[in-house]
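Trainee: Have a look at this one.
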Amino acid sequence: MPDDGRIERAIARALGPRGRMSRRSFLRQSGRGALIAGSALTLQSILAACGIRPGGSTAASPGGPAASDATGALEWANWPLYIDIDDDGNYPSLVAFTEQTGVEVNYTEAIGDNADFFGTIRQDLQAGNPTGWDVITPGGWVIERMARLGFLEELDHSQLPNWTANAADYAKGLWFDPENKYSLWWQGGITGIAYDPELTGREITTFDDLLDPAFAEVAGAFSDMRDMFGLTLLSLGVEPENATVDDVTRARDKLLEANARNQFRGYYGNEYYDALAAGDLAISVAWSGDITQMQLNDNENVRFVVPADGGMRWNDNFAIPKGAARIGGAHELLNYYYGVDGATTLSEYIGYFTPVDGVQEEILARAQAYRDEGSTDDADYNEILAPTVVPTEEQLANTFNDKQLTEEEEAEWNDLWLEVSS
Amino acid sequence: MGRRRLTPYLLLLPGGLWLLVFFAIPMAIMLSVSLQKGSLDTGYQLTWNFGIYPAVIGEFWEQFVRSAVYALTTTALAMLIGYPMAYTIAFHGGRLKTALLFVVILPFFVSFVIRTLNWRMVLSDNGIVFGTLKDAGMLDQSFHFLATPASVIFGLTYNFLPFMILPLYVALEKIDRRLIEAATDLYASRLQAFWRITFTLSLPGVVAGSLLTFIPAIGDFINAEVIGAGSPQVQMIGNIIQFKYINANDYPAAAALSFVLVIGVTILVAAYSRAVGTERLTT
């Protein structure tokens, strides 16, 4: 027997803003549509593939770039919704960077998908032409492949004192670039499981919990092959880095079994976020940084867990493509984001793992400053955010890297994945 | 004299060039890509690998059939909804005609993708529609619509409905009302008059509308991805082609699938035009 209150609540729920509408959540929500549109359809990448650069925004500045650099703004290709942005559409951390260094930056959300982005710059690199980008921030396996093919400029660490001073241990010497010769960590996170305990009715600890028939049609999966096979392999006791095609075939079978009973409502891209926040999904594969944002802005019930059998670890990386015209300015940019101040401004907005020691403390210090000013909301926000910007020991111990796939393996894995997802 | 004989060809030139540059050449490139082998690292070589065609059809026939079924259902639904709307606007719109037509195309002022995304919000399990019905006890709590085949067909129908209404309207608008009057004067019932005069004369609109709905619908991948949540139950051939191109970088298979789709649609459309008889429609 529904009472009137429930109907009213339902209408409010449907029409009203989701959760507390802070300045940040408003920006984030209005931005999210663009994110989904951008990455689900990879419009940006389609445009990029056609040789048409999607529009970016330029931070105006006095002064000029380093002497050896070409004139014009530093060209930075990044993923959508991966930087701080204010009400006027400016990027505060970049504005501060330009004020400090005189280097203008043309920031463009040009990466919708690792493979696809690499595809758009590969031909130029192979022909020895500049790509037009001075700084790019793709995932680990792209760095490995580009370094192997000689497509990246070596970093000059003498120009990166902040990295030497502040880089966190977990952000250094990763498998795809053990000496950080070509790349520095930009931001990172974990792929694990998120759930709403009210809807699941129980605590979730493993990947197999996601496959519990009780959650048929309210469980969400990812459309990303590496994330999904990674988690499934871990649940079979196989570390993804050592997985053979046979192992992946078993992972496929396990997921097909789940498909047979309609376990997964869908194989989502970024839009799993809305389905989970709205309660359409009780449980889903999820990215850690998203769930931090969800708790703060959209649905405080939802929890993130690294499955007991293991989660997937990932990060995106600064790198300078071969032939970049503004290598000096690029180093200044990298160095700037390893300064505590710039890194904190960034982390206050995007909530992924920062590679910079001291950011957590600075977020808390700023919380105190907000409280002193009387901005209680902002102070609370920062206090909840602070513990999530650095991975815990436990999270680090139980998360695993992608396998470095050969082209042949990648084709085989993709074929197996297509059987699961279509 | 020679000049006059050349005129038709000169007039065809812009359209012909358009077809060559934007249809014939891309199709040839696609055909060539589909017959190549290789990888991103090593590059692609033309190996005349015709075997890829039976291979992709064998592997993805289910998605081809599903796309055709969805597109046909969409076309039928759009016709059922669109015909009465176009009829009403054309025959009873009066002074509001322009305003009503404007309302039909109004959704085009917002991007196709944004509108589809918004439907996902409206149709979510506890959203304004189903949440309200559930709270009123009219639906089971576990009911969901998104990520079902019906929801994808809904999305397709919504998105392509104006493409059905506009040509129908144009065809209905220009029907000479005196013909209907004459039919009723000659003792045709209103139904007979509609069927033998109005409907028959509106056939060009019916054909144009169904082609404009069916062709984009069969290749669509947005609705299956956004409203269908990428569920394996609703994957259309467009989703497979997208995955092959963008995620798997399997350009030959993607090109082969696209080519099969183009040929398949051409055959279906040719059969349809033949059945309806296009020669009658151009008058």
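Trainee: Looking only at the stretch A:210-255, count how many residues are in contact with a helix residue (DSSP H, G or I) (Cβ under 7 Å, 6 or more places away or on another chain), outside any helix (DSSP H, G or I), more than 12 Å from chain B (Cβ to nearest Cβ) and in contact (Cβ under 8 Å) with a residue 40 or more places away in the chain.
Mentor: Residues in the stretch A:210-255 being in contact with a helix residue (DSSP H, G or I) (Cβ under 7 Å, 6 or more places away or on another chain), outside any helix (DSSP H, G or I), more than 12 Å from chain B (Cβ to nearest Cβ) and in contact (Cβ under 8 Å) with a residue 40 or more places away in the chain: 2 in total.
Trainee: For A:Asp156, state whether it is farther than 24 Å from A:Gln360 by Cα and free of Cβ contacts under 8 Å to residues at least 12 places away in the same chain.
Mentor: Against the criterion (farther than 24 Å from A:Gln360 by Cα and free of Cβ contacts under 8 Å to residues at least 12 places away in the same chain), A:Asp156 does not qualify.
Trainee: B:Leu72 passes all but one of (1) part of a helix (DSSP H, G or I); (2) within 26 Å of A:Glu271 (Cα to Cα); which number fails?
Mentor: (2) is the only condition that B:Leu72 fails.
Trainee: Next up: Look through the stretch A:256-301, keep the residues that are within 12 Å of chain B (Cβ to nearest Cβ) and among the acidic types (Asp, Glu), and return whichever of them is surrounded by the most Cβ atoms within 10 Å (Cβ to Cβ).
Mentor: The extreme case among them is A:Asp280.
Trainee: Also: Could you grab me the full set of residues in the stretch A:82-122 that are of a type outside the set (Ser, Thr, Tyr), part of a loop (DSSP other than H, G, I, E, B) and either under 17 Å from A:Gly342 (Cα atoms) or within 14 Å of chain B (Cβ to nearest Cβ) (or both)? First the steps, then the outcome.
Mentor: Applying the first criterion (of a type outside the set (Ser, Thr, Tyr)) to the stretch A:82-122 yields A:83-90, A:92, A:94-97, A:99-100, A:102-106, A:109-119, A:121-122.
Filter once more, keeping what is part of a loop (DSSP other than H, G, I, E, B): A:83-90, A:102-104, A:110-113.
If the condition is that a residue be of a type outside the set (Ser, Thr, Tyr), part of a loop (DSSP other than H, G, I, E, B) and either under 17 Å from A:Gly342 (Cα atoms) or within 14 Å of chain B (Cβ to nearest Cβ) (or both), then A:Ile83, A:Asp84, A:Ile85, A:Asp86, A:Asn90, A:Gly102, A:Val103, A:Glu104, A:Ile111, A:Gly112, A:Asp113 are the ones that fit.
Trainee: Open to solvent by 50 Å² or more (accessible area, probe 1.4 Å) and among the β-branched types (Val, Ile, Thr), is that true of A:Thr244?
Mentor: For A:Thr244, the condition - open to solvent by 50 Å² or more (accessible area, probe 1.4 Å) and among the β-branched types (Val, Ile, Thr) - is met.
Trainee: If A:Tyr195 satisfies all but one of (1) aromatic (Phe, Trp, Tyr); (2) within 14 Å of another protein chain (Cβ to nearest Cβ); (3) open to solvent by less than 10 Å² (accessible area, probe 1.4 Å), what's the number of the condition it fails?
Mentor: Every condition holds for A:Tyr195 apart from (2).
Residue-wise test of (1) of a type outside the set (Asp, Glu); (2) surrounded by 15 or more Cβ atoms within 10 Å (Cβ to Cβ).
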position	(1), (2)
A:Glu373	no, no
A:Asp378	no, yes
A:Glu383	no, yes
A:Thr388	yes, yes
A:Glu393	no, no
A:Phe400	yes, yes
A:Leu405	yes, yes
A:Trp417	yes, yes
A:Val420	yes, yes
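Trainee: Criterion first (open to solvent by 10 Å² or more (accessible area, probe 1.4 Å), within 20 Å of A:Asp69 (Cα to Cα) and more than 14 Å from chain B (Cβ to nearest Cβ)) does A:Asn129 satisfy it?
Mentor: On the way: open to solvent by 10 Å² or more (accessible area, probe 1.4 Å): yes; within 20 Å of A:Asp69 (Cα to Cα): yes; more than 14 Å from chain B (Cβ to nearest Cβ): yes.
Here the answer is yes, as A:Asn129 does meet what is asked.
Trainee: Every residue in the stretch B:122-149 that is closer than 18 Å to A:Val218 by Cβ and either touching a residue at least 24 places away in the same chain (Cβ under 8 Å) or more than 14 Å from chain A (Cβ to nearest Cβ) (or both), please.
Mentor: Those that are closer than 18 Å to A:Val218 by Cβ and either touching a residue at least 24 places away in the same chain (Cβ under 8 Å) or more than 14 Å from chain A (Cβ to nearest Cβ) (or both): B:Leu123, B:Leu146, B:Ala147, B:Thr148.
Trainee: Tally the residues that are more than 30 Å from B:Ala68 (Cβ to Cβ), open to solvent by 20 Å² or more (accessible area, probe 1.4 Å) and part of a loop (DSSP other than H, G, I, E, B), restricting the search to the stretch B:110-156. It would help to see each step written out before you state the result.
Mentor: Keep residues of the stretch B:110-156 that are more than 30 Å from B:Ala68 (Cβ to Cβ), which gives B:126-128, B:131-142.
If we keep only those that are open to solvent by 20 Å² or more (accessible area, probe 1.4 Å) too, we end up with B:126, B:128, B:132-133, B:136-142.
Next, from what is left, pick out any that are part of a loop (DSSP other than H, G, I, E, B): B:126, B:128, B:136-142.
Residues in the stretch B:110-156 being more than 30 Å from B:Ala68 (Cβ to Cβ), open to solvent by 20 Å² or more (accessible area, probe 1.4 Å) and part of a loop (DSSP other than H, G, I, E, B): 9 in total.
Trainee: Among the numbered criteria (1) more than 25 Å from A:Leu405 (Cα to Cα); (2) in contact (Cβ under 8 Å) with a residue 60 or more places away in the chain; (3) not charged (D, E, K, R), which single criterion is violated by B:Tyr251?
Mentor: With respect to (1) more than 25 Å from A:Leu405 (Cα to Cα); (2) in contact (Cβ under 8 Å) with a residue 60 or more places away in the chain; (3) not charged (D, E, K, R), B:Tyr251 is out only on (1).
Trainee: Next up: Can you pull out every residue in the stretch A:132-141 that is open to solvent by 10 Å² or more (accessible area, probe 1.4 Å) and part of a loop (DSSP other than H, G, I, E, B)?
Mentor: Within the stretch A:132-141, A:Gly132, A:Trp133 qualify.
Trainee: Is it true that some residue in the stretch A:337-351 is assigned to a loop (DSSP other than H, G, I, E, B) and within 30 Å of A:Pro307 (Cβ to Cβ)?
Mentor: yes
Trainee: Residues B:Ile57, B:Ile89: which one is surrounded by 14 or more Cβ atoms within 10 Å (Cβ to Cβ), touching a Lys or Arg at 6+ places or on another chain (Cβ under 9 Å) and under 30 Å from B:Val207 (Cβ atoms)?
Mentor: B:Ile89
Trainee: On to the next question. Mind checking which residues of the stretch A:156-192 are assigned to a helix (DSSP H, G or I) and open to solvent by less than 40 Å² (accessible area, probe 1.4 Å)? Step through it out loud before you land on a result.
Mentor: To start, the set of residues in the stretch A:156-192 that are assigned to a helix (DSSP H, G or I) comprises A:157-159, A:161-166, A:169-171.
A:Trp163, A:Asn166, A:Ala171 - these are the residues of the stretch A:156-192 that are assigned to a helix (DSSP H, G or I) and open to solvent by less than 40 Å² (accessible area, probe 1.4 Å).
Trainee: Sticking with this one: Going through the stretch A:313-332 one residue at a time, which ones are modelled with pLDDT under 95 and in a strand (DSSP E or B)?
Mentor: A:Arg313, A:Trp314, A:Asn315, A:Asp316
Trainee: Return only the number of the condition from (1) out of contact with any strand residue (DSSP E or B) (no Cβ under 6 Å at 6 or more places or on another chain); (2) away from every other protein chain (no Cβ under 14 Å) that A:Asp415 does not satisfy.
Mentor: Result: A:Asp415 fails condition (2) only.
Trainee: Which of the numbered conditions does B:Thr184 fail, given that it passes all the others? Conditions: (1) open to solvent by 30 Å² or more (accessible area, probe 1.4 Å); (2) within 14 Å of B:Phe160 (Cα to Cα).
Mentor: (2)
Trainee: Here is a follow-up. With the requirement that a residue be in a loop (DSSP other than H, G, I, E, B) and over 23 Å from B:Val226 (Cβ atoms), what does the stretch A:193-209 give you?
Mentor: In the first step, residues of the stretch A:193-209 are kept if they are in a loop (DSSP other than H, G, I, E, B); the result is A:196, A:201-206.
Residues satisfying the conditions are A:Gly201, A:Arg202, A:Glu203, A:Ile204, A:Thr205, A:Thr206.
The values are calculated or read from the model by the stated rules, or taken from the named source; none is laboratory data. Every value quoted in this text rests on a predicted model; they were computed, and no experiment measured them. Counting neighbours? That spans all protein chains shown, and the Cβs are built from the backbone with ideal geometry, glycine included. Keep in mind that these areas ignore ligands, DNA and RNA; they rest on the heavy atoms of the full protein, side chains included. Shrake-Rupley method; radii C 1.70, N 1.55, O 1.52, S 1.80 Å.
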